[in-house]
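Read the structure below first, then the notes.
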Amino acid sequence: MNLDKESLLKKLREHIFSIQTQIAIIRDDLLIIGNKSIGEVRSLAVEDRMTHWQITYYKDQRIEELRQLNLSPYFIKCEIQYEGSDEIKIVYFSKFQLIEQSIYSWIAPVSTVRFEKPGPFTFRLPDGRKRTGTLLSKDQYLIVDGKPVFFATESLLYPRTLVYQEHFSTKKQGFVLPEIVELMEKTQDQVIRVSGKGSLVVGGPAGSGKTTLALHRIAYLLQSPDTARLYDPSTICILVQDIGSKKYFSGLLPELGIKYVQINTFSEWAMAILGLGQEIKYVHSYDHQGADVYVYEQKKLEFLRANSIAINTKLPFVYLERKYKDYFSEREMAIFLEQKKHGVIDRIDLTILLTKFFEKNGSFSTTEKRTVYTEAGTLVSRTRKKKIAHSLILVDEFQNYLPEQLALLKLALDSENGSMLYIGDLAQQTRLGSIRNWNEIGEEIPAERNICLHKVYRNTKQILKYIREVGFEVVIPNEIKEGSVVVEKVLQTAQEEVEYVISVLKDVKFASVGILAKNKEYLEMFRTAFVGQMEIHILSIHEAQGLEFECVFLVGVGYFDVGYIQEYKESLRVEVKKIYKDLLYIGLTRSMSILHVLGDRKLSEVFHGFSIGGGTLE
């Protein structure tokens, strides 16, 4: 069957224009109704007045949804016929609904038909009833800024056919997640819709889309009629790695219709519970100059796990000092006193304090301020304790948490839902003492709730080949995109690396650039050189975990040589080797297109000489 592609494309453009016209009318009506004066509102009938306040409340949210619909009205069109009916229905699917134009949200029960091939389909309604019918045809679109850039069609009468594809740039502007609402596979959609109660793990290698999938799951739970009543946004807690990741998530969630959800780092969450003010500074690890951070942390971990702690959390340093004094060596105690002098606590100190807080109080709570009217009619500020009971906790990069931290988080769940959502990969652990298996926190994850994604959406074939050549075991899918060859340069100093990066960036512009290093301190010269350049993100690999960039410069690779740890105890030596390996893998996989590897030797040489006690980096 020959298709008139020009006619199909013309009809699509006309339909987009008609949708945009309807959106403009709805938006104008919202603005008119929402901007009525107080006098006009009072003149309305009581039922109209209530309608007005409801519209005003949701006006801003709906106007933002309409703005996004105007840019991309839908991504799938399905022509369906339900069993027992002669009527043929045409439905569209999008991020947000516009029922007046038969555009349904991607979370609507009927939206599952978009994954089917033309032919019979079945889906379930929220009440459990089945709907069956026939998918007669399906069109898939990519509409950007109101213009179609991709259009394919298929039906019972003809196979999938490309109608139109514009040559467009795939560059991403800043930090954005891969758009998988349109591309989501059927099995991934089933993951999103699985029962909310209980723990769910979404794992997979870097770039597999696990964070995207997890956020779509939260969007579904908040918006689906059968789960929305269980998940108030204000009771959902998303825990991210650092402030950079917090900004990243904060910009992404509104695009999925997720608002009023708490996004914090674990330290922010815990310090709010403990009432620790701004005079206390937090670091993941206290890296004192001249000290071995891993040996210091190992001793703290032994102390945490001795289960003989009694600490007053109101005076953290006084009581930590009192308890550490009988446990630390003279050198370790000197480091802690330096830490105390600067008012710094690390993740292990914080976990100790939070553990004792719960043992003393039996629950977690925070102090919240509110403004109330007195009997005299004046406004006063009051504080009260509010018990923490999250309906859902999402833990990003869970593999970097201590098992004690994850166990504490589970204690902050409400009893009705108890929903933990773990995102990460146990093969990418970058912190000492982090969780090794689920038994450590009493989790039993059924196979259907332990999801592992395998396809890598981020990296090019050339980047994955380079990573494999270095010594990592990676799968390179046949369908993965092609790209530029990885560039490796031997440069002796950080200054030479800075000059090289400048020379590359003066000739070509990238939407986002990541300059990454193992050690945060190594990047000071880069920060000075690129100050004020918003598209360039200068981060330690720890900070970059979970992020992605169009172009990445991995600098100072010689610092991955860990020959100095040969005097460690064997158990600590093995764990540190794995941390270094995982950090390197994370750094190499942050790039979507272009990768430059810089250091005082080639990366292969760093690994070739890596041998401690006869072992190799495995």
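The values are calculated or read from the model by the stated rules, or taken from the named source; none is laboratory data. No experiment lies behind these values; they were computed from the predicted model shown. Every residue, glycine as well, gets a Cβ built from its backbone with ideal geometry; the counts of neighbours run over all protein chains shown. Side chains are part of the model used for accessible areas, which takes the heavy atoms of the whole protein and leaves out ligands, DNA and RNA. Shrake-Rupley method; radii C 1.70, N 1.55, O 1.52, S 1.80 Å.
If r is the Cβ-Cβ distance from D60 to R331 and R0 is 41 Å, what FRET efficiency results, to the nearest 0.05?
Calculated transfer efficiency: 0.10.
For the chain, what proportion of DSSP beta bridges, expressed in % and rounded to the nearest 5, is antiparallel?
On the way: 41 of 85 bridges.
Antiparallel bridges make up about 50 percent of those DSSP assigns within the chain.
Given a 1.4 Å probe and heavy atoms of the protein chains only, how would you sort W438, W269, largest accessible area at the top?
These residues rank, largest area first, as W438, W269.
Which residue, L215, G128, A389, has the largest displacement toward the positive end of the dipole of the chain when charges sit on each Cβ (Lys, Arg +1; Asp, Glu -1)?
The residue sitting most towards the positive pole is A389.
Note the full-extension length gain between D287 and E166 as 0.36 nm times their separation in residues minus their Cα-Cα distance, in nm to one decimal. Spell out each step's value before the answer.
Details: separation 121, 0.36 × 121 = 43.56 nm, distance 5.14 nm.
Here the segment from D287 to E166 would lengthen by 38.4 nm.
Projecting each Cα onto the charge dipole of the chain (Lys/Arg +1, Asp/Glu -1 at the beta carbon, about the Cα centre), which of S329, I258, Q68 comes out farthest on the positive side?
Checked the options; the winner is I258.
Set the Förster distance to 35 Å, then compute FRET efficiency between D414 and N450 from the Cβ-Cβ distance, nearest 0.05.
That pair, D414 with N450, gives E of 0.95.
Quick one: putting +1 on the C-beta of Lys and Arg, -1 on the C-beta of Asp and Glu, what dipole do you get for the chain around its Cα centre, in Debye to the nearest 20? Don't skip to the end; give the middle numbers.
Numbers: 79 positive and 79 negative charges, 209 e Å.
About 1000 debye.
Take the Cβ-Cβ distance between E321 and V380 as r, set R0 to 60 Å, and report the resulting FRET efficiency rounded to the nearest 0.05.
For R0 = 60 Å, the calculated efficiency reads 0.95.
Compute the label zone of K89 within segment 220-241: residues whose backbone N is under 12 Å from the point 7 Å along Cα-to-Cβ.
none
Pairs of Cα atoms under 8 Å, at least six residues apart: use those to get the relative contact order of the chain, whole percent.
Details: 987 pairs, mean separation 72.1, N = 618.
Once divided by the residue count of the chain, the mean separation gives 12 percent.
Report the full-extension gain for the segment E535 to E255: residue separation times 0.36 nm, less the Cα-Cα distance, to one decimal in nm.
Computed gain between E535 and E255 is 98.7 nm.
Which pairs in the list K210/K259; K300/K577; K59/K259; K325/K569; K89/K138 are over 18 Å apart, alpha-carbon to alpha-carbon?
Details: K210/K259 20 Å; K300/K577 20 Å; K59/K259 14 Å; K325/K569 23 Å; K89/K138 12 Å.
Checking Cα-Cα distances, K210/K259; K300/K577; K325/K569 exceed 18 Å.
I'd like to check one number: the per residue accessible area of the chain, probe 1.4 Å, reported in Å² as a whole number.
Counting only protein heavy atoms, the per-residue value for the chain is 49 Å².
To the nearest 10 Å², what's R67's accessible area with a 1.4 Å probe?
Taking all protein chains as shown, R67 has close to 110 Å².
What ranking, highest mean first, results for peptides 547-553, 190-196 when packing means the other Cβ atoms within 10 Å averaged over each residue?
For the peptides 547-553, 190-196, the packing ranking is 547-553, 190-196.
Is the chain best put as rounded, prolate or oblate by its Cα gyration tensor, with a ≥ b ≥ c the root eigenvalues, rounded for a/c under 1.5, and otherwise prolate when a/b is larger than b/c, oblate when not?
It comes out oblate by the Cα gyration axes.
Taking the simple approach of a point 7 Å from Cα along Cα-to-Cβ for both K341 and E100, what is their distance in nm?
A separation of 6.9 nm, rounded to one decimal place.
Considering only V283, L408, G556, whose Cα is most displaced toward the positive end of the charge dipole of the chain, charges sitting on Cβ of Lys, Arg (+1) and Asp, Glu (-1)?
L408
So what's the Cα pair-distance distribution over segment 470-566, bin width 10 Å, in %?
12, 44, 32, 11, 0
Any idea of E100's accessible area? Nearest 10 Å², probe 1.4 Å.
Here the residue's solvent-accessible area equals roughly 120 Å².
Which order do you get for I352, I388, I502 if you rank them by accessible area with a 1.4 Å probe, largest at the top?
I502, I388, I352
Between S18 and E268, what length comes free when the chain is fully extended (0.36 nm per residue of separation minus the Cα-Cα distance, one decimal in nm)?
Length gained between S18 and E268: 85.3 nm.
Is the shape of segment 397-484 rounded, prolate or oblate, going by the alpha carbon gyration tensor and its root eigenvalues a ≥ b ≥ c, with a/c under 1.5 for rounded and a/b larger than b/c for prolate?
In terms of gyration-tensor shape, prolate.
Order D396, D242 by their accessible area, 1.4 angstrom probe, all chains in place, largest first.
In descending accessible area the options line up as D242, D396.
In the neighborhood of Q462, defined by Cβ-to-Cβ distances under 10 Å, what is the net charge if each Lys or Arg adds +1 and each Asp or Glu adds -1?
For residues surrounding Q462, the net value is +2.
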